[in-house]
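Notes follow once the structure below has been shown.
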RNA sequence: GGCGCGGUGGCAGAGUGGUUAUGCAGCGGACUGCAACUCCGUGUACGCCGGUUCGAUUCCGACCCGCGCCUCCA
C-alpha cells in the first residue's frame, strides 16, 4: 500500500484498489443510487446511507470539493401497487416516505446530499435519452408501447458484474417476454395500463423503466463522465450494469471511473429480505437503540464487508461507544489543536479504502491516552486530545454530542434529571454521614430504574444504562 | 449451473512475509467505604492439505465450509 497521501479505493469494475484520480483536480463528483420510496427505509438502506456519508465526510476532510448526488425513485411498479393498496395517490405516498426517509437520515447523522433528483422531475431528460438510444440503434420500441434496450448491441455488457451475456440469456430465470427481442433486454419505457399514472411519449403513454432514470439523472447532474458511482450490493446487477450500457451508448463517453458497492446486511446470520420477513426498518431499530449506536455498529466494520444485525452486536456497539464517550466526560475540549500523530494514523487507515474499522482503533487509542492523562492530572493535554477525538469522530459522524447528553438520553425510567440529582444529593449526605447502607440503597434503587452513578473526585455523575 | 466474496482468539473486527491490532466479554491487580468509571496486567487466533521461502496467518495451488448475485430488493 502506498504511503503517500493518495486515497486508495476499491472499484468493483477493476476488482482492486485504485488510487483516486479525480477528473477535475480537488473535485469529486459522486452519484449514489438512493431509495425507491414506497416504504420506510430499512437497515440495508442505513448501511448504504452511512457508508457513503462517511466516504463523503472523509473526502471533504481531505480537502476535496465533493458534489454528492443521491436520487429518489419516486415512480415505479412497487410504488403504484402500494399506493393502490393504500388507496392513496402515488405522490401522496412518495411524499410521505420521502419525509420519513429524511427523518431517518437526520437521526443517523447522515448529511444531506448536495442534490437529490427525483425521477418524476426528469421525465423530459429520460425521454431524450431513450430517443437517443433508439436513434443510435441501441433500443427499440415494441408493439405494445414498451421500449427496450437491446443488450446485445452493447459489446461490453456484463463488464461490471462479470457476467457473460450468453449465460444470462441461457438462464431460465430471466423474464421471457414476447415483445422482447432477447430475454436479456430490459425496459427503458413501460406502457401504462389504463388508469395508471403516466406521461406521454413518442411511444405512447407510459412511465420510465427503473434503470434509465439513474442514467439520465446522473449524467444531467454530474456530466457524461464522473468520478464515483455507488450503491447497495444488489444493485451491481442488473441495475448498474444497465446504467453503464445506457449511459455509454447514449453519450459515447466513458461513464464512471470508480464503482463502489457497500456490503450486505444480515439479521441473526440470515439474509435480511422482505420474503423472509426479517427486515427491520430504521425507525424500528431506533426505537430500541440510540441512533449513534446504530451508526457506530455500522461504522465499526468495513463498508464492503457483510454485517450481521443482532441484539448482541448492537449491545456490544453500545458498550464500546460508551467507552469513547466516557473519555470525553467532564473534559472541556481545547479550542484549537493542530495535527497530531493520531490524525496522521487516522488518515493513513482511512485513505486505504475508507477503513473505518481501522479508524475506530485510532479513536480508542486517543480515548485511552485521554484517560491516562486524566489519571495523571494532565488536564491541558487531555483537553487537546479530546478535541482530536471529537474531530476524528466527526469524520465518521460520531461523538458530536455532549457526553452528558449522550449518556442521559432515553428517560424511559420516568425520572426527571432533577429527581435524579436530588437522589444523588441524598446519597452524598448519607455517605458524609457514613450511612453506607442508606447510600447503597439509593444507588440500587436508581440502578433498578436504569440510572447508573459514577463517583469521582469532582463529584457524582449519572448515566442511563 | 455461471460469476463474485469470505473463512482470524469466547464474541465483534482490522492487519501483516519475520516484531502476532483494537474493542466487548472473562480473569488478576490498583483506585473506591463498597461499587461504577478509569488505569495496569492477562489470551502466541489466523478453515484444511500441499508448495514457494531461512521463515506464511499473510504469496501460489488443491480441498472443505459459509455467504452474495444471477429475479423486485440497498
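Where a number appears in this text, it was derived from the coordinates with a stated rule and is not lab data. Every value quoted in this text rests on a predicted model; they were computed, and no experiment measured them. Methodologically, a virtual Cβ is constructed for each residue, glycine included, from the backbone with ideal geometry; neighbour enumeration extends over all protein chains shown.
Brief remarks on what is shown
- Segments classed as helices (runs of 4 or more DSSP H), wholly inside the range A:282-353, with at least 2 members that are in contact (Cβ under 8 Å) with a residue 12 or more places away in the chain and either touching a strand residue (DSSP E or B) at 6+ places or on another chain (Cβ under 7 Å) or within 13 Å of RNA strand B (Cβ to nearest atom) (or both): A:291-299, A:311-328, A:341-350
- Inspection of the range A:238-255 identifies no residue that is more than 9 Å from RNA strand B (Cβ to nearest atom), in a strand (DSSP E or B), touching a residue at least 40 places away in the same chain (Cβ under 8 Å) and touching a helix residue (DSSP H, G or I) at 6+ places or on another chain (Cβ under 6 Å).
- Filtered residues of the range A:413-452 (kept if over 14 Å from residue A:464 (Cβ atoms) and not in a helix (DSSP H, G or I)): A:433, A:434, A:435
Results for (1) closer than 15 Å to residue A:241 by Cα; (2) free of Cβ contacts under 8 Å to residues at least 24 places away in the same chain, shown as yes or no for each residue.
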{"position": "A:145", "(1), (2)": "no, no"}
{"position": "A:149", "(1), (2)": "yes, no"}
{"position": "A:168", "(1), (2)": "yes, yes"}
{"position": "A:188", "(1), (2)": "yes, no"}
{"position": "A:194", "(1), (2)": "no, yes"}
{"position": "A:200", "(1), (2)": "no, yes"}
{"position": "A:204", "(1), (2)": "no, no"}
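- Residue A:454 vs. criteria over 30 Å from residue A:292 (Cα atoms) and either without any contact (Cβ under 8 Å) to a residue 60 or more places away in the chain or out of contact with any helix residue (DSSP H, G or I) (no Cβ under 6 Å at 6 or more places or on another chain) (or both): no
- Between A:230, A:223, the distinction of being buried (at least 24 other Cβ atoms within 10 Å of the Cβ), over 22 Å from residue A:165 (Cβ atoms) and more than 8 Å from RNA strand B (Cβ to nearest atom) belongs to A:230 only.
- Among the residues examined, residue A:67 does not qualify as within 8 Å of RNA strand B (Cβ to nearest atom) and more than 14 Å from the chain's Cα centre (by Cα).
- Residue in the range A:371-387 that is part of a helix (DSSP H, G or I), touching a strand residue (DSSP E or B) at 6+ places or on another chain (Cβ under 8 Å) and within 10 Å of RNA strand B (Cβ to nearest atom) present: no
- Against the test of being assigned to a loop (DSSP other than H, G, I, E, B) and either touching a strand residue (DSSP E or B) at 6+ places or on another chain (Cβ under 8 Å) or closer than 30 Å to residue A:84 by Cα (or both), the options A:207, A:181 yield a single qualifying residue, A:181.
- Qualifying residue in the range A:109-118 (condition: out of contact with any strand residue (DSSP E or B) (no Cβ under 7 Å at 6 or more places or on another chain), in a helix (DSSP H, G or I) and touching a residue at least 12 places away in the same chain (Cβ under 8 Å)): no
- Of note, residue A:408 satisfies the criterion of being in contact with a strand residue (DSSP E or B) (Cβ under 8 Å, 6 or more places away or on another chain), within 23 Å of residue A:319 (Cβ to Cβ), surrounded by 14 or more Cβ atoms within 10 Å (Cβ to Cβ) and in contact (Cβ under 8 Å) with a residue 40 or more places away in the chain.
- Selection status of residue A:224, over 30 Å from residue A:324 (Cα atoms), outside any loop (DSSP other than H, G, I, E, B) and more than 21 Å from the chain's Cα centre (by Cα): no
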